[in-house]
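Undergrad: This is the structure I want to talk about, given as structure tokens.
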Amino acid sequence: MQHLLRDLRARRDGGDNGFTLIELLVVVVIIGVLVAIAIPTYSNYRKGAADKAAQSDLRAGIAAVEAEYTKNPIAGYPATQAAFDAVAKKSDGTTLKYAGGGASFTLCAVNSGGENYFTYESASGGSPAKAAGTACP
């Protein structure tokens, strides 16, 4: 047993320690490939999250406006953006644009990247839809 331990120690002390240049280059290339895959995936994830936040804020805004209308149907829907902002909450990065008053209203949400717009028109009803073009109507 002592002989075996002596041989192992001698081999360990006399051998080269560390990694070769080729081994280090292979590791760097593998890390580079993983990063090249991860960055676009993460970017798409962030864009999707911003879209979902805008859609969620739009739905919450619709509910807030309808709740105000239910409280006071004679006055109608809020007439100005400021009146809308007083009743609606939004998340950071989302912009809500309101136009209305009287018997109907239009609400538009812009995601934090400013890339996608979602609209809702109370006169036509339905669910919020992605707007065509590059700006709120």
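No lab work stands behind these numbers, since they all come straight from the coordinates. What you see is a predicted model, and the numbers here were worked out from it, not measured in a lab. All Cβ positions, glycine included, derive from the backbone under ideal geometry; neighbour counts span all protein chains shown.
Undergrad: Compute a Gaussian network model of the chain, connecting alpha carbons closer than 10 Å, and tell me which residue from 25, 96, 34 fluctuates the most.
TA: The residue with the greatest mean-square fluctuation here is 25.
Undergrad: Tell me whether the stretch 77-127 comes out rounded, prolate or oblate; compute the Cα gyration tensor, take square roots of the eigenvalues as a ≥ b ≥ c, and use a/c under 1.5 as the rounded threshold.
TA: Note, shape of the stretch 77-127 comes out oblate.
Undergrad: Here's something else I'd like to know. Separation of the stretch 15-53 and the stretch 70-108 by C-alpha centroid, Å?
TA: A separation of 45 Å, based on Cα centres.
Undergrad: Further, regarding this structure: Excluding residue 131 itself, calculate the net charge of residues whose Cβ lies under 13 Å from the Cβ of residue 131, where each Lys or Arg counts +1 and each Asp or Glu counts -1.
TA: Summing Lys and Arg as +1 and Asp and Glu as -1 gives -1.
Undergrad: Could you state the angle between the C-alpha long axis of helix 2-14 and the longest principal axis of the C-alpha atoms of the chain, as a value from 0 to 90 degrees rounded to the nearest 10?
TA: In the chain, helix 2-14 runs at an angle near 70 degrees to the longest axis.
Undergrad: Okay, next question. Working from Cα positions, state the angle (0 to 90°, nearest 10) between the long axis of helix 21-71 and the longest principal axis of the chain.
TA: Rounded to the nearest ten degrees, it is 20.
Undergrad: Between 99, 36, 53, which gets the highest mean-square fluctuation from a Gaussian network model of the chain, Cα cutoff 10 Å?
TA: 36
Undergrad: When 94, 20, 119 are ordered from fewest to most other Cβ atoms inside 10 Å of their Cβ, what list results?
TA: The most exposed by this proxy come first: 20, 119, 94.
Undergrad: Here's another thing I want to ask about it. For the chain, modelled as a GNM with alpha-carbon contacts under 10 angstrom, which of 54, 82, 109 fluctuates the most?
TA: For the chain, modelled as a Gaussian network with Cα springs under 10 Å, the answer is 82.
Undergrad: If you keep only loop residues by DSSP, which trypsin sites (Lys or Arg not before Pro) in the stretch 38-91 have at most 15 other Cβ atoms within 10 Å of their Cβ?
TA: Here the sparse-neighbourhood loop sites are 89.
Undergrad: Which value does Rg/Rh take for the stretch 1-68 over its C-alpha atoms, Rh per Kirkwood?
TA: Radius of gyration relative to Kirkwood radius: 1.62.
Undergrad: On to the next question. When you have a sec, figure out the Kirkwood radius of the stretch 14-130 from all distinct Cα pair distances and drop it here in Å to one decimal?
TA: After inverting the mean inverse Cα-Cα distance, the result is 17.3 Å.
Undergrad: Suppose only helical runs count, i.e. DSSP H with n ≥ 4. What mean residue ellipticity at 222 nm does that imply for the chain under -39500 (n - 2.57) per run, divided by all residues and rounded to the nearest 500 deg cm²/dmol?
TA: So the helix-based figure for the chain works out to -18000 deg cm²/dmol.
Undergrad: Another question, then. Arrange the following residues from fewest to most other Cβ atoms within 10 Å of their Cβ: 5, 107.
TA: The fewest-first ordering by Cβ neighbours comes to 5, 107.
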